[in-house]
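Reviewing the structure listed below.
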There are 2 protein chains.
Amino acid sequence: MDTTPVWFMRQAGRSLPEYRALRERHGILDICRTPELAAEATLQPVRRLGVDAAILFSDIVVPLEPMGVDLAIVPGVGPVIESPVRSRRDVDALKPLVPEEGVPYVLEAVRGLAATAGVPLIGFGGAPFTLASYLVEGGPSKNHSKTKAFMYAEPAAWHRLMERLGESVLAYLRAQAAAGAAAVQLFDSWVGELSSEDFRRYVLPSVGRIFDGLADLDVPRIYFGVGTGELLGDMAEAGPDVVGVDWRVPLDEAHRRTGPQVALQGNLDPALCLAPWKVVESRATEILARAPKPGHIFNLGHGVLPETDPSILHRLVELVHMRGAEKLYG
Amino acid sequence: MDTTPVWFMRQAGRSLPEYRALRERHGILDICRTPELAAEATLQPVRRLGVDAAILFSDIVVPLEPMGVDLAIVPGVGPVIESPVRSRRDVDALKPLVPEEGVPYVLEAVRGLAATAGVPLIGFGGAPFTLASYLVEGGPSKNHSKTKAFMYAEPAAWHRLMERLGESVLAYLRAQAAAGAAAVQLFDSWVGELSSEDFRRYVLPSVGRIFDGLADLDVPRIYFGVGTGELLGDMAEAGPDVVGVDWRVPLDEAHRRTGPQVALQGNLDPALCLAPWKVVESRATEILARAPKPGHIFNLGHGVLPETDPSILHRLVELVHMRGAEKLYG
């Protein structure tokens, strides 16, 4: 396209009144598992905000249930796992995901969206470390200490867990691409809790195999995490086409850390969308000025906050399109 | 001393059975406000672990109540503020802290500990941004969005808030030093949520005034935060003698970012203390190898986790003393 493309992580969701109306009638997992509802939630922000991509509405834990994991999403808490994974035996009990059998509703949603969205659809999967953290902790965690303790104490079982999750995530993303997703994003929300040394030893091999395993498909591969300033070079080494950057690292510095072989996605602080428009405008303009040219997808550094006014996001899309075109051609 | 000094953030607390016994009889704020109990909690880890410093047992919110803030510590939640600070009027209503009147029990605890602890006592205060986050959010927060929204929307009121908190924290730390604290640590637990640009604009001036205001006293000044990899240079610029580093940035790299004018404190991942001893030993040894020489205080990158076995901490102290001496004299 002729300007900087823009979409927002969690663009579908609690900041939109039409999404809140949908949620009054349906639970999150129900929406994820019903193709028409998942498609509706996916398209709401596309209609309202004018973004350049749709991101499949789903939850990171969706593929875990067909792998044999008992889970529920508890309001105010997040995903809760009935029997956490804390031994080699628990790891071996995880079934490999066969997407056509385990998550047919996701693929049906993707097929429908690919045909009708009018913008490219980004497929979506949780990365092995972040999925493992949910599985080992039994739910969301502040410090991921049980996950790390398992990783340090039982490295062989840990690597088996990463391998099993990695194979399933690869199958999941390949199936989404085959169903029509034009790009895929691997969400590694919690990986920024690790040092570079631990990332390289305990996580990089499985993530590298996912990106390698997608290389024959014609879909850009995005790798996203938060608080990953020290990991940007390692994340680029894992083989994605695009690395997500949060607001802590300016994009020119991020570009130095990743090297020029990957594009960057980011990196406005979601909290800035709660600021007066003049502040938003000045910070977004600064991000565009520091971005590599080309090779930048404008986004937030993490998901849209529920209290965000959608009209600010719409204005932001217009601003990025205008200033992005000036930057490329001005 | 003849080796690398070592202490642990949150060394007093839930990992010690004798502390849990104390807590069965007393609430956290009761312990903080009763000099004998605060002294007992402060000394428990000194007796058991062999650390080189005592850190005053207190809570970051203790000085807020005499500033006119209604607060409670809710089990499982943390500090909860009855009437959050969200306007210029709320800021102006905060009373300056006069430590001798507002927190006499803290100073009494410090005086007693300075006389009897047998190791240097580190005084303790929350930094303006982190205190402001509690005040504005009304309690602990995942993304500090209300705090940032206030900061962006009302910069004048924000700077007034930082100034008021900074003056009170300075008075608080000066009073602790006068009562016998041999060093002081400014805790800025949440400041790593800010970009360098925001830190420099919205936080650095008030923190700089605190360290300047302590410069005439003969007490080393430590500045600590988490997830502050991108801020280490800015934090050093604020004027402390020591900067705390979490586990994400290796100490040699941290040293490059801060420059040689400050010492470093850190940086073992607290989750590593849940690992088998061989892993702890190898990681602690690596930290000592990467540390500046001299100018290193061994510590964790954040507080001791409740599930930590105290005997691991004791072994770690012995290891640091042995390997630290080898490093300095070997």
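For helix A:204-213, what angle does its Cα long axis make with the longest principal axis of chain A, in degrees from 0 to 90 and rounded to 10?
Long axis of A:204-213 versus the principal axis of chain A: about 70 degrees.
Once fully extended, how much extra length lies between B:L328 and B:V74, figured as 0.36 nm per residue of separation less the alpha-carbon to alpha-carbon distance?
That works out to 86.9 nm of additional length.
Quick one: angle between helix B:104-116 and the longest Cα principal axis of chain B, in degrees between 0 and 90, rounded to 10, please.
Here the helix axis deviates by roughly 20 degrees.
Quick one: work out Rg over Rh on the C-alpha atoms of segment A:223-330, Rh as Kirkwood radius. Could the numbers behind the result be given before it?
On the way: Rg = 13.5 Å, Rh = 14.0 Å.
Here Rg/Rh amounts to 0.97.
For B:L43, what is the net charge nearby, where nearby means another residue's Cβ is under 12 Å from its Cβ and Lys, Arg count +1, Asp, Glu -1?
Overall, the nearby charge balance is -1.
Which residue, B:G125, B:G76, B:G244, tops the fluctuation ranking in a GNM of chain B built on C-alpha contacts under 10 Å?
Checking each option, the largest mean-square fluctuation is seen for B:G76.
How are the Cα pair distances of segment A:124-175 distributed, in percent, across 10 Å bins from 0?
Bins of 10 Å from zero give 26, 52, 21, 2 percent of pairs.
Return, ordered by residue number, the residues of segment A:43-79 whose backbone nitrogen is under 19 Å from a label point located 7 Å along Cα→Cβ of A:S311.
From segment A:43-79, the list is A:45-51.
Using the beta-carbon distance between A:R256 and B:R20 and R0 = 35 Å, what value does 1/(1 + (r/R0)^6) give for FRET efficiency, to the nearest 0.05?
With a Förster radius of 35 Å, E is 0.15.
If you line up the long axis of helix B:128-137 against the longest principal axis of chain B, both from Cα atoms, how many degrees apart are they, to the nearest 10?
The angle comes out near 60 degrees.
Using a 10 Å cut-off on Cβ to Cβ distances, tally the other chain neighbours for every residue of B:239-247 and report the average as a whole number. Before the final figure, lay out each step's value.
Details: counts 0, 0, 0, 0, 0, 0, 0, 2, 6.
Averaged over the peptide's residues, the number is 1.
Please report, for A:R20, the nm distances (one decimal) from its label point, 7 Å out from Cα along the beta-carbon direction, to the equivalent points in the remaining copies, shortest first.
Reported distances to equivalent positions: 4.3 nm.
Collect residues whose amide H, placed 1.01 Å from N in the peptide plane, falls under 5 Å from the amide H of B:G244; neighbours closer than 5 in sequence don't count.
Answer set, sorted by chain and number: B:Y223, B:F224, B:G225, B:Q265.
Per residue of B:186-198, what is the mean number of Cβ atoms on other protein chains within 10 angstrom of that residue's Cβ?
Averaged over the peptide's residues, the number is 3.
Could you line up A:M322, B:M1 from fewest to most neighbouring Cβ atoms inside 10 Å?
Lowest to highest Cβ neighbour count: B:M1, A:M322.
Using a label position 7 Å from Cα in the Cα→Cβ direction, what is the ascending list of nm distances from A:P155 to the same site in the other copies?
Going from nearest to farthest copy, the values are 5.0 nm.
Could you give the size of the charge dipole of the protein assembly as shown about its Cα centre, using +1 on the Cβ of each K and R and -1 on the Cβ of each D and E, expressed in debye and rounded to the nearest 20?
Taking the Cα centre of the protein assembly as shown as origin, the dipole is about 60 debye.
If you place +1 on the Cβ of every Lys and Arg, -1 on the Cβ of every Asp and Glu, and leave all else neutral, what size is the dipole of segment B:17-329 about its Cα centre, to the nearest 20 Debye?
The dipole of segment B:17-329 has a size of about 360 debye.
Among the listed pairs A:K146/B:K142; A:K327/B:K148; B:K278/B:K327; A:K142/B:K146, which are separated by more than 26 Å between their Cα atoms?
Pairs exceeding 26 Å: A:K327/B:K148.
When the Kirkwood hydrodynamic radius is evaluated over all pairs of different C-alpha atoms of chain B, what value in angstrom, to one decimal, is obtained?
20.0
When Lys and Arg each count +1 and Asp and Glu each count -1, what net charge do the other residues less than 15 Å away from A:I31, Cβ to Cβ, add up to?
Result for the neighbourhood of A:I31: -2.
Looking only at the protein assembly as shown, where both bridge partners belong to it, what percent of the DSSP beta bridges are antiparallel (to the nearest 5)?
15
Across peptide B:266-277, what mean number of C-beta atoms from other chains lies inside 10 Å of a residue's C-beta?
Other-chain Cβ atoms within 10 Å of each residue's Cβ, averaged: 4.
For chain A, build the charge dipole from Cβ charges (+1 Lys, Arg; -1 Asp, Glu) around the Cα centre, then report which of A:A109, A:P66, A:A183 sits farthest towards its positive end.
Going by the charge dipole, the pick is A:A183.
Using a 7 Å offset from Cα along the direction of the beta-carbon, what are the separations from B:A289 to the same position in each other copy, nm, ascending?
Distances to the matching label points in the other copies: 4.4 nm.
Over the protein assembly as shown, what per residue volume does the convex hull of the Cα atoms give, in whole Å³?
Working: hull volume 99.5 nm³, N = 660.
It comes to 151 Å³ per residue, whole-number rounded.
Based on the mean of other Cβ atoms within 10 Å per residue, sort peptides B:255-267, B:79-91 so the most packed one is first.
Final packing ranking: B:255-267, B:79-91.
Let me check I've understood the local charge: for B:D246, count other residues with C-beta under 11 angstrom from its C-beta, Lys and Arg +1, Asp and Glu -1. What total comes out?
Numbers: positive: B:R248; negative: A:E193, A:E230, B:D269.
Around B:D246, the charge tally is -2.
Read-outs: derived from the displayed coordinates by stated rules, not from any lab. Given the structure is predicted, the values throughout are model-derived calculations rather than measurements. In this analysis, Cβ positions are derived from the backbone assuming ideal geometry, glycine residues included, and neighbour counts consider all displayed protein chains.
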